[in-house]
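Worksheet for the structure shown next.
The values are calculated or read from the model by the stated rules, or taken from the named source; none is laboratory data. Since we're looking at a predicted model, the values are computed, not measured. Cβ: placed from backbone, ideal geometry, glycine included. Neighbour counts: every protein chain shown. The protein model used for the area step is the full one, side chains on, heavy atoms only, and it has no ligands, DNA or RNA in it. Shrake-Rupley method; radii C 1.70, N 1.55, O 1.52, S 1.80 Å.
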Amino acid sequence: LRLNSEKVQVSAQLTQLVSTQQYLQTQIAYATSDVAVQEWARQEGHMALPGDIPIVPLAPVDSTPTPQTPPAPPAQPVKNWQVWDALFFGN
C-alpha cells in the first residue's frame, strides 16, 4: 500500500518534470530562432531593416516645454530649545 502510494507520487512528479522540460525546450527553441532575434531587434533594440522608414515623433513647433520644478528639500527637524528660544526671544 505504501509503495503504491509512493509510486503514484513519483509518477506525478515525473509527469510534471517532463512537462516542464518540454516547456523549457520550446522556450529555448523560440529564443534561439531568427524570429525572436528580429522581434527583439525591432522592439527592444530599436533597429530597422534596410528599406524601413523610421518615424521619430517630434514636439509641436508652437509648444512650450513645461519646466520641471525640483522637489523641495526635506525640512530640518527643529530642536526643543530652538522653539523656546524663538518664543521667548524672537530669534
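Close contacts from segment 54-74, counting a first residue that is farther than 30 Å from Ala41 by Cα and modelled with pLDDT under 85 and a second that is open to solvent by less than 100 Å² (accessible area, probe 1.4 Å) and small (Gly, Ala, Ser), with Cβ to Cβ under 6 Å and a gap of 6+ residues or different chains, come to none at all.
A quick yes/no check of all residues on (1) within 30 Å of Ala36 (Cα to Cα); (2) among the β-branched types (Val, Ile, Thr); (3) touching a Leu at 6+ places or on another chain (Cβ under 8 Å):
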position	(1), (2), (3)
Leu49	yes, no, no
Pro54	yes, no, no
Ala59	no, no, no
Thr64	no, yes, no
Gln68	no, no, no
Pro73	no, no, no
Pro77	no, no, no
Trp84	no, no, no
Gly90	no, no, no
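Going by the structure shown, is Trp40 modelled with pLDDT under 95, surrounded by 10 or more Cβ atoms within 10 Å (Cβ to Cβ) and either under 31 Å from the mean Cα position of the chain (by Cα) or hydrophobic (A, V, I, L, M, F, W, C) (or both)?
Details: modelled with pLDDT under 95: yes; surrounded by 10 or more Cβ atoms within 10 Å (Cβ to Cβ): yes; either under 31 Å from the mean Cα position of the chain (by Cα) or hydrophobic (A, V, I, L, M, F, W, C) (or both): yes.
Against the criterion (modelled with pLDDT under 95, surrounded by 10 or more Cβ atoms within 10 Å (Cβ to Cβ) and either under 31 Å from the mean Cα position of the chain (by Cα) or hydrophobic (A, V, I, L, M, F, W, C) (or both)), Trp40 qualifies.
Scanning segment 9-37 for residues that are surrounded by 10 or more Cβ atoms within 10 Å (Cβ to Cβ) and among the β-branched types (Val, Ile, Thr) turns up Val10, Thr15, Val18, Thr20, Thr26, Ile28, Val37. Residue check: Tyr23 meets all listed conditions (1) part of a loop (DSSP other than H, G, I, E, B); (2) at pLDDT 90 or above but one, namely (1).
Filtering segment 43-84 to residues that are surrounded by 10 or more Cβ atoms within 10 Å (Cβ to Cβ) and not in a helix (DSSP H, G or I) leaves Gly45, Met47, Ala48.
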